[in-house]
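The structure appears below as structure tokens.
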Amino acid sequence: MAHTPCELGMRIGQFGMSDVYKVRGTGGWRAVKVSRGDSLCAEAAITNEARTYETIGPHPNIATYYGHGRIDDRFCIELEYLDESYFCETRQGFPADEQELIRVAKESAAGLAHVHAMGYVHRDIKPTSLWLGGTSKLFDFGLTERVGRSLARRKFAPGTPAYASIDRLLGGPVSFRDDIFALGLTLYAYHTRAEPFAFVTDYILNGFDKESIEPFLNRWTNTYEGLAQKIEECDCSRTFKSLLKGLIHCLGGAADFPNGSAVVDYVSRYCPDQVPLSFQ
């Protein structure tokens, strides 16, 4: 990479401790993600992101990675440019054609299936890490971990609290189901514009103690169990309701969706009008 700060141009987004710029690259526009300031945490996350992209390799439902380098002593990675108007959080309302939501679910799950097949868990699926253009794509891999790794020694598991499973919030071993649960919440937010677990952020910021942990667990469990009824009240087809319930309630041992490939299989089976996707 040979971009200088003056060539970075317009900043188009912020992700955690990094800034994203739109630059002119070989063959068209590119996105350059640069660690912000001299934070060691920011550099560790973006270095981990580069390592993850290099390990998992290309996939049609994952943002294309072109390389990494340094700009003005800050670590950066270069990715394909994705039009910011197609990020999940910026699209308003429910799509006129429900098949679009089914497509988003299937393509996003195909990207996750590829990541899971490589033994990794994304750990930060949320509206701002999902692009909904002509082909849905996943990105923002700064917190990716190997499946099964325990985070119990950390103060709290990093990521976006409102989309985190209870095991991840409490520092349990990293699981593929963490990503499936977060994908379900992301699709639910896309449909309803609501975040059922938004209250978790305040608990994380204030820290847990002996007095707050039990009320928090009760509130989280009640919210989790109550989502089934909220999904039933959604204005969508029975097929999509079943998909949302399966994704969000994947945390039990007998769940139908233990990983991304199971979601792809489900959508292929129950939505026959969709073109089959390969997650290999």
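Bear in mind that the values in this text are calculations on the coordinates, not laboratory data. Since the model is a prediction, treat every value here as computed from it, not as a measurement. Positions of Cβ are backbone-derived with ideal geometry, glycine not excepted, and every protein chain shown enters the neighbour counts.
Worth pointing out:
- Separation of the K230 and S242 label points, Cα + 7 Å toward Cβ, nm: 2.3
- The order of W29, W220, W131, going from fewest to most other C-beta atoms within 10 Å of their C-beta, is W29, W220, W131.
- Tensor-based shape of the stretch 102-247 (alpha-carbon gyration tensor, a/c under 1.5 rounded, otherwise prolate or oblate): oblate
- Evaluating 6.51 cos²θ - 1.76 cosθ + 1.60 at θ = phi - 60° for every residue in the stretch 110-123, the Karplus couplings come out as 5, x, 5, 4, 5, 4, 5, 4, 8, x, 10, 10, 4, 6 Hz, glycine and proline recorded as x.
- Counting other Cβ atoms within 10 Å as a rough exposure proxy, the listed residues R24, R269, R177 run R269, R24, R177 from fewest neighbours to most.
- Ranked by how many other beta carbons lie within 10 Å on average, peptides 159-171, 236-248, 62-74, 104-116 from highest: 104-116, 159-171, 236-248, 62-74
- Rounded, prolate or oblate (a/c below 1.5 giving rounded, otherwise prolate when a/b exceeds b/c) for the stretch 5-80 by Cα gyration tensor: oblate
- Stretching the chain fully between R70 and I213 yields a gain of 47.3 nm (0.36 nm per residue, less the alpha carbon separation).
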